[in-house]
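Have a look at the structure below, then the notes.
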Amino acid sequence: MRTWQKIANRSPSVIRWSLQPLQTASSGPCLGARFFSKWVKRCNKEGRKRILRRTSSIFKGFLQICKMKLRWGWVFVFHLSLLALSVSQAQGEAADDLEMEEAVDEAMVEDMTDDAYGDDSTEVEAELEGEEEKGPGEADANISFQVTYQTPVPIGEVYLSETFDDGSLDRWTVSKTMKEDVDEDIAKYDGKWSVEQLKENKVPGDMGLVLKSRAKHHAIASLLDKPFVFLDDPLVVQYEVNFQDGIDCGGAYLKLLSDTDDLDLEKFHDRTPYTVMFGPDKCGEDYKLHFIFRHKNPLNKDLEEKHAKRVDVDLKKFYTDKKTHLYTLVLNPDNSYEIYVDQSSVSRGSLLHDVVPPVNPPKEIDDPADSKPEDWDERAKIPDPEAVKPEDWDEDAPVKIEDPDALKPEGWLDDEPEFVSDPTAEKPDDWDEEMDGEWEAPQVLNPVCETAPGCGLWKPPTINNPDYKGKWKAPLVENPNYQGVWSPRKIQNPEYFEDLNPFQMTPVRAVGLELWSMTSEIYFDNFIITSYKEVADRWAGDSWGLKKLVASANEPGVFAQLAMAAEERPWLWVIYILTVGLPVGLAILFCWPKKADDDYVYKKVDPPKPAVEEEEEAEEEGEEEGGEEMKDQAAGVANTAETPKPAEMEGLVEADSVEEDEEDDGEEEEDEEGEGEEEEEEVDERTKSNEEAASDDEMEADQRGGDEARQAVRKRRVRKD
């Protein structure tokens, strides 16, 4: 009760009006519980209805306030939307990867337990029970079970699988050659490679290949277990990349080296023949994901690079978030291809139609021997040969002229120069007039001109010349001799061929990384080349999936992400302050109840008298009237012998009729002017009592008989009213 009273006293009138019914309802036993759910359970049907009615009245009260402040409500909604947008930008890819995490996490943990413990589930259950018995602090301090890493083993046929978990590069060959057509200082492939763990979000036991040098050429390669031949099986290439220090300019792509007789990995360089190049590359603000294959011309056997179309997503976050990302390329025998990043498709197409330049050349080409005739007119419009320059057209009129209305300001000093020699300047001691010429003091503003409008020769300002029209040119008209844009005739392409199976490329025997980068600490891991997408997905679940779990567990909170986003974009602080501060200020300004200047003074109203007293008064009046009637009746009986004169009788009749009319009119006016149900009920009760009394009097008069008694009764009725 006190709580509702405080709210009602401090709230606006609308809210106070809406809270009053609820205050009354809350005092009953039905709303005595603490929570609303308990209220409903303890209430009967009528109580629940009462709760709903009172709650709806509160919402109506707030709705009226919202209508009055609708304009500020839209401002509040706008700022809330800005805050939501900032949060979504700061979180980045976390929301995009949530569904995939939920789908992959369970499978990865199950696979890890199967690989770690085999078929013996007793040990797994025991460790799980031990984890449950530990407290929160111990569970956080020892989470090795959740991120237990074992070197993934490919399930299925593979051509290459490399994890670097043994910490060595025995399988790989570092190039020792020189790059051609480059200065000797930078031509050598002397960039350093190392096998080590990630700098952030480490998984114990997981190692990777790291590019350690910046602004140097790097080249390293490894042979496949067996060459891959492009016949009936798809080609699946997959590996991981992490730009641990970001990337300024450089690439992280791999090359599938062609199976040639002169392949020497120690001489691997930029011109070593390759079949496929795939992976990320970035320089400046150009973010790319390369897919290039080399196609052999069936006519002249030349190899030509074919570039796939650009991917359909924004790649910037993959280069800047310092997380490990998974890149997958799938080539199918039906000449289709698909590119995945973090197991999500980002591009797909056909080797026949979605590459530049196209695999098959056009059937017809322009005739190189054809040339445009000398009389060929390509002009769609020409100057009108019949147009004549107007006689008043002055091509020599200047663009600007002196303002004829300008006047020289008063006090202008025509004889004073604008600049004078500096009187305080002195010739330097080392000035040699033979070498430097005659010395002259530097020029400074004339001090006399500081107090004057100006000095020197006065010239009026210039304005645009109203008569200037420029050089006259004849208007353009349609060219009657227009023949269109000339193009050479088409001839059959002598180099035309049709290759309907570009998938059948040169076989692959090795994989290599040949890179130049201005940023070091580029991390590579878990290379796999196979013919089955399922094998690559399982491999990724056992390797990249664990890295993703650890990175997600170490992900900062929402506020930390907002702060990190503001560090990169300082202007976000302004949005944060406006988004949080402005709605709070508006809410305090317009919604906080104000204390009234004048105290409310409530008039004390006398309690209504009970209806019993009214009934007693009515009975007393009835008894008094009954006594008077009895006396009148006795007097009437005594005076029956005394008959009034005819004139007096007529006067009495007229008086009675007038009084009856006034009585009827008074009753109608009382019915029309009655306000409220109580007054109408009182009038009805009085009229009924009068009618009953009149009927009783008439019956008595009939018994007595005679017109005199009937007239006396009418007089009494008028007197009673």
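The values are calculated or read from the model by the stated rules, or taken from the named source; none is laboratory data. It should be emphasised that the depicted structure is a prediction, and the values quoted were computed from it without experimental measurement. Virtual Cβ from ideal backbone geometry, glycine too; neighbours counted across all protein chains shown.
Between Pro502, Pro390, which is in contact with a His (Cβ under 7 Å, 6 or more places away or on another chain) and not in a strand (DSSP E or B)? Write out each step before concluding.
Working: Pro390 fails: in contact with a His (Cβ under 7 Å, 6 or more places away or on another chain).
Of Pro502, Pro390, the one residue that is in contact with a His (Cβ under 7 Å, 6 or more places away or on another chain) and not in a strand (DSSP E or B) is Pro502.
Right, Glu416: assigned to a loop (DSSP other than H, G, I, E, B) and at pLDDT 90 or above or not? Break it down into steps so the answer makes sense when it comes.
Values: assigned to a loop (DSSP other than H, G, I, E, B): yes; at pLDDT 90 or above: no.
No, not satisfied.
Per-residue answers, yes or no, for (1) in the same structural domain as Gly512 (by TED's automatic domain parsing); (2) under 29 Å from the mean Cα position of the chain (by Cα); (3) within 28 Å of Thr173 (Cα to Cα):
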| position | (1), (2), (3) |
| --- | --- |
| Gly246 | yes, yes, yes |
| Lys255 | yes, no, yes |
| Thr260 | yes, no, yes |
| Leu265 | yes, no, yes |
| Thr275 | yes, no, yes |
| Phe293 | yes, no, yes |
| Lys316 | yes, yes, no |
| Thr324 | yes, yes, yes |
| Asp334 | yes, no, no |
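Conditions tested, residue by residue: (1) part of a loop (DSSP other than H, G, I, E, B); (2) without any contact (Cβ under 8 Å) to a residue 24 or more places away in the chain; (3) touching a Lys or Arg at 6+ places or on another chain (Cβ under 9 Å).
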site: Arg171; (1), (2), (3): yes, no, no
site: Glu180; (1), (2), (3): yes, no, yes
site: Val195; (1), (2), (3): no, no, no
site: Ser213; (1), (2), (3): yes, no, yes
site: Leu257; (1), (2), (3): no, no, yes
site: Asp261; (1), (2), (3): yes, yes, no
site: Glu266; (1), (2), (3): no, no, yes
site: His269; (1), (2), (3): yes, no, yes
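If you go through region 240-255, how many residues are within 10 Å of Pro280 (Cβ to Cβ) and outside any strand (DSSP E or B)? I'd like the intermediate steps shown before the answer.
Applying the first criterion (within 10 Å of Pro280 (Cβ to Cβ)) to region 240-255 yields 241, 243, 247, 250-253.
Now narrow it down to the ones that are outside any strand (DSSP E or B): 247, 252-253.
Count: 3.
Counting only residues that are loosely packed, with under 15 Cβ neighbours inside 10 Å and free of Cβ contacts under 8 Å to residues at least 12 places away in the same chain, how many does region 564-577 have? Full working, then the answer.
Within region 564-577, the subset loosely packed, with under 15 Cβ neighbours inside 10 Å is 564, 567-571, 573-574, 577.
Going one step further and asking which of them are free of Cβ contacts under 8 Å to residues at least 12 places away in the same chain, we end up with 567-571, 573-574, 577.
The qualifying residues number 8.
Sort out which residues of region 317-354 are closer than 23 Å to Asn201 by Cβ and acidic (Asp, Glu), and write them in order of number.
Asp321, Asp342
Checking the condition surrounded by fewer than 10 Cβ atoms within 10 Å (Cβ to Cβ), at pLDDT 90 or above and not assigned by TED's automatic domain parsing to the domain that holds Lys226, which residue from Pro488, Pro428, Pro480 passes?
Working: Pro488 fails: surrounded by fewer than 10 Cβ atoms within 10 Å (Cβ to Cβ); Pro428 fails: at pLDDT 90 or above.
Sole residue among the options that is surrounded by fewer than 10 Cβ atoms within 10 Å (Cβ to Cβ), at pLDDT 90 or above and not assigned by TED's automatic domain parsing to the domain that holds Lys226: Pro480.
Is at least one residue of region 326-335 farther than 26 Å from Trp539 by Cβ and either without any contact (Cβ under 8 Å) to a residue 40 or more places away in the chain or surrounded by 17 or more Cβ atoms within 10 Å (Cβ to Cβ) (or both)? Spell out how you get there, then give the answer.
First, the residues of region 326-335 that are farther than 26 Å from Trp539 by Cβ: none.
Scanning region 326-335 turns up no residue that is farther than 26 Å from Trp539 by Cβ and either without any contact (Cβ under 8 Å) to a residue 40 or more places away in the chain or surrounded by 17 or more Cβ atoms within 10 Å (Cβ to Cβ) (or both).
Name the one entry in Asp370, Asp392 that is over 30 Å from Arg294 (Cα atoms) and exposed (fewer than 11 other Cβ atoms within 10 Å of the Cβ).
Numbers: Asp370 fails: exposed (fewer than 11 other Cβ atoms within 10 Å of the Cβ).
Answer to the selection: Asp392.
Of the residues that make up region 466-483, is at least one more than 30 Å from Arg379 (Cα to Cα) and touching a residue at least 12 places away in the same chain (Cβ under 8 Å)?
Initially, region 466-483 is screened for residues more than 30 Å from Arg379 (Cα to Cα), giving 466-468.
Checking the rest, the ones that are also touching a residue at least 12 places away in the same chain (Cβ under 8 Å) come to 467-468.
Yes, because at least one residue in region 466-483 is more than 30 Å from Arg379 (Cα to Cα) and touching a residue at least 12 places away in the same chain (Cβ under 8 Å).
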